[in-house]
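Since every read-out is calculated from the coordinates, none of them should be taken as a lab result. Quick caveat, the model's predicted, so the values are computed rather than measured. As a convention, Cβ positions derive from the backbone with ideal geometry for all residues, glycine included, and neighbour counts pool all protein chains shown.
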Amino acid sequence: MSEFEFEPVRGLPAALPAGESLLWQGSPTWKSMLVRVLHIRSVSLYFAGILLLRMIWGWSSGQTAQTITVSMLWLSAFGLATVAFLAWVARLMARGTVYSVTSRRIVMRFGMVVPMSINIPFTAILSAQLRTFSDGTGDIPVQLDGNGRIAYPHLWPHAKPWAVKHPEPMLRGIPDPRSAADVLALALARAAA
């Protein structure tokens with residue numbers, strides 16, 4: 001049994017009201033979450049630096065090759081375990097996230113431990129942008145008006161990085177981001193008309 005089995009429609013906390021239709025749904029890729037949310041490249045470089053420093057320190061202090069090797073194997077194992085753990089967390093984050101665009105709002109359902117849904121009505125949206133990446137994924141941050149503020153800790157990791165004072169919800173790491181952005185732009189234009 002899934003923690004989201006009670007959803008009448010996948011990714012939505014309740015059935016859509018009359019007159020509202022589901023236009024698009026998507027989820028982030030776990031690799032994009034691993035790279036851009038959990039910063040796996042920086043973590044890997046950190047452990048590589050520690051290994052390099054350990055090797056240099058061992059040689060300069062006159063330790064035997066065997067002592068240095070054993071020490072580096074333990075550090076490598078710890079580094080690999082950390083990377084594996086972060087990959088597992090990224091998979092859980094991606095699996096537990098569903099972004100939905102309806103004819104009236106954006107619904108973000110996410111959460112690994114405590115499932116949460118955030119409804120963002122189009123009336124609270126000032127603008128939406130698109131940022132694409134070389135891996136084919138992209139982010140769509142949504143700027144809210146003053147009445148649509150959501151606390152940054154409630155949104156993380158589905159918030160625009162470093163926009164802490166004025167948090168911006170973000171559809172993060174989605175595959176085929178251009179089609180999602182087109183659907184959202186058209187829905188926002190129709191709602192404003």
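General observations
- Here the gap between S179 and Q63, fully extended at 0.36 nm per residue and compared with their Cα-Cα distance, gives a gain of 35.9 nm.
- Ranking of T82, T137 by count of other Cβ atoms within 10 Å, fewest first: T82, T137
- Between the Cα long axis of helix 177-192 and the first principal axis of the chain there is an angle of about 30°, rounded to the nearest 10.
- Electrostatic bookkeeping for W24 treats Lys and Arg as +1 and Asp and Glu as -1; over the other residues with beta carbon under 11 Å from its beta carbon, the sum is -2.
- Among T67, T97, T102, sorting on how many other beta-carbon atoms sit within 10 Å of each Cβ, with the fewest leading, yields T67, T102, T97.
- When you filter the chymotrypsin sites (Phe, Trp or Tyr not before Pro) in region 92-193 for DSSP loop state and at most 16 other Cβ atoms inside 10 Å of their Cβ, you are left with F133, W162.
- Value at 222 nm in deg cm²/dmol, rounded to 500, when DSSP H runs of n ≥ 4 in the chain each add -39,500 (n - 2.57): -13500 deg cm²/dmol
- Rounded to the nearest 20, the size of the Cβ-charge dipole of region 1-122 about its Cα centre is 280 debye, with Lys and Arg at +1 and Asp and Glu at -1.
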